[in-house]
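Here the structure is laid out as structure tokens; the discussion comes afterwards.
The values are calculated or read from the model by the stated rules, or taken from the named source; none is laboratory data. All figures in this text were calculated on a predicted structure; none of them were measured in a lab. Ideal geometry is used to build each Cβ from the backbone, glycine not excepted, and the neighbour counts take in all protein chains shown. For accessibility, only protein heavy atoms count, side chains too; no ligands or nucleic acids. Shrake-Rupley method; radii C 1.70, N 1.55, O 1.52, S 1.80 Å.
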Amino acid sequence: MQPQRADLEGILGFLADVASLDFDELYPPEVLASLQGLVPCDDVTYQDADLHAKSFRVVVGIGPEDDADEADAYWAVGPCPISEYRARTGDLSTVRMSDLINQRRYHELPIFREYFHPAGVDSMIDVGLPAAPGWHRSFVLFRGTGVRDFTERDRAVLEMLRPHFQGLEARAALRRGTHHARRARHE
């Protein structure tokens, strides 16, 4: 899909907005809110999951606070078809749930019935990020029941942003290192 001028301007605006933020944590809520402004969704989350231990090391979201019970429920009824696909293929490209499983079959899965449906989630798109073997890192954007699925435009925009996330991570790591070095000098 050929990006439209407005999409390219939106991507550049997103990159300028997040570059102006002074953050040393990995993907603070302000970054997620900017991403939500670019690709409209009900919620967006950054997640870092250990697939072998079935646990989340990091979850940052802008929607309702996640708690340990919800994370345990996710792993108890999972895996999510997207996580399963990533673990099986190693493919990090941006993927929608509907790319992997039709809606009827998805709605029959325990992960949908017991986790996503009660949370009001019907559609999702996942932007894969590099991770160590056995780990899954990504941005996940969610839309609720009765809202249209993510489009090819949404996928193209997110896919164009994907390589830039590594640059954001590198800048955040540099800021963390700088802050630690300053603290060490003052101690």
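Would you mind stating whether Ala71 is in contact with a His (Cβ under 9 Å, 6 or more places away or on another chain) and surrounded by 13 or more Cβ atoms within 10 Å (Cβ to Cβ)? Don't jump to the end; show me each part of the working.
On the way: in contact with a His (Cβ under 9 Å, 6 or more places away or on another chain): no; surrounded by 13 or more Cβ atoms within 10 Å (Cβ to Cβ): yes.
Answer is no for this residue.
Determine which single condition Lys54 fails, assuming it passes every other condition in (1) open to solvent by less than 60 Å² (accessible area, probe 1.4 Å); (2) in contact with a Phe, Trp or Tyr (Cβ under 6 Å, 6 or more places away or on another chain).
It fails just one condition, (1).
If I filter region 20-29 down to residues being in contact (Cβ under 8 Å) with a residue 24 or more places away in the chain and open to solvent by 30 Å² or more (accessible area, probe 1.4 Å), which single residue comes out as farthest from Ala71 (Cα to Cα)?
Restricting to residues being in contact (Cβ under 8 Å) with a residue 24 or more places away in the chain and open to solvent by 30 Å² or more (accessible area, probe 1.4 Å), the top hit is Asp22.
How many residues does region 30-50 hold that are assigned to a loop (DSSP other than H, G, I, E, B) and open to solvent by 30 Å² or more (accessible area, probe 1.4 Å)? Walk me through how you get there before you give the answer.
Of all residues in region 30-50, those assigned to a loop (DSSP other than H, G, I, E, B) come to 39-42.
Remaining after also requiring open to solvent by 30 Å² or more (accessible area, probe 1.4 Å): 40, 42.
Within region 30-50, residues that are assigned to a loop (DSSP other than H, G, I, E, B) and open to solvent by 30 Å² or more (accessible area, probe 1.4 Å) number 2.
Which is surrounded by 13 or more Cβ atoms within 10 Å (Cβ to Cβ), modelled with pLDDT under 90 and of a type outside the set (Lys, Arg), of Glu169, Glu159?
Glu169
Quick one: would you say Leu12 is without any contact (Cβ under 8 Å) to a residue 12 or more places away in the chain and in contact with an Asp or Glu (Cβ under 8 Å, 6 or more places away or on another chain)? Working first, answer last.
Numbers: without any contact (Cβ under 8 Å) to a residue 12 or more places away in the chain: yes; in contact with an Asp or Glu (Cβ under 8 Å, 6 or more places away or on another chain): no.
No: the conditions fail for Leu12.
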